[in-house]
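J.: Starting off with a structure, shown below.
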Amino acid sequence: MAKAVKTKKSQQSVEKFNFSLTKKNYMIIGLGIVLIIVGYIFMSENSVDGFMPTVIAPILLVLGYCVAIPLGILYRDKSEGQNEISEKPVLNTEQANIKTK
């Protein structure tokens, strides 16, 4: 039977994937949910010609669904991005398939 041999190349190819939301992300998402709830409350007013259900409510709903919640999911602190760049290993040219003069 053949044995599985671990090489340096296979150990280096394993990358850590970290997708964690911070407190600031949850606060932005919460703000989006509050905007959506307030928009639906304003829309529930029974007036057809009213200012709140026809103007303010759609604006709040669009801000909640299309701006605040995606922003809360995609937001990343600048300090986190700089740490990830410095943690990446430097490519050694002797081990790479790149020929230099």
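Every read-out reported here was derived from the displayed coordinates using simple, explicitly stated rules and does not represent laboratory data. Keep in mind it's a predicted model, so treat the numbers as computed, not measured. Note that we place each Cβ from the backbone using ideal geometry, even for glycine, and neighbour counts take in every protein chain shown.
J.: Go through segment 48-54 residue by residue and turn each phi into a ³J(HN,Hα) via Karplus (6.51, -1.76, 1.60, θ = phi - 60°); whole Hz please, and just put x for glycine and proline.
T.: Couplings: 7, 9, x, 6, 5, x, 9 Hz.
J.: Read phi for every residue in segment 64-71 and hand back ³J(HN,Hα) as whole Hz from Karplus 6.51 cos²θ - 1.76 cosθ + 1.60, θ = phi - 60°, with x for Gly and Pro.
T.: With the stated coefficients, segment 64-71 comes to x, 6, 9, 10, 5, 5, x, 5 Hz.
J.: Using the 10 angstrom Cβ neighbour count as an exposure proxy, how do Thr22, Thr100 rank, fewest first?
T.: Fewest-to-most Cβ neighbours within 10 Å comes out as Thr100, Thr22.
J.: Another question about this same structure. If you rank Phe42, Phe51 by fewest surrounding Cβ atoms within 10 Å, what's the result?
T.: Phe51, Phe42
J.: Long-range amide H contacts for Glu45: which residues qualify at under 5 Å (H placed 1.01 Å from N, peptide plane, sequence gap of 5 or more or a different chain)?
T.: none
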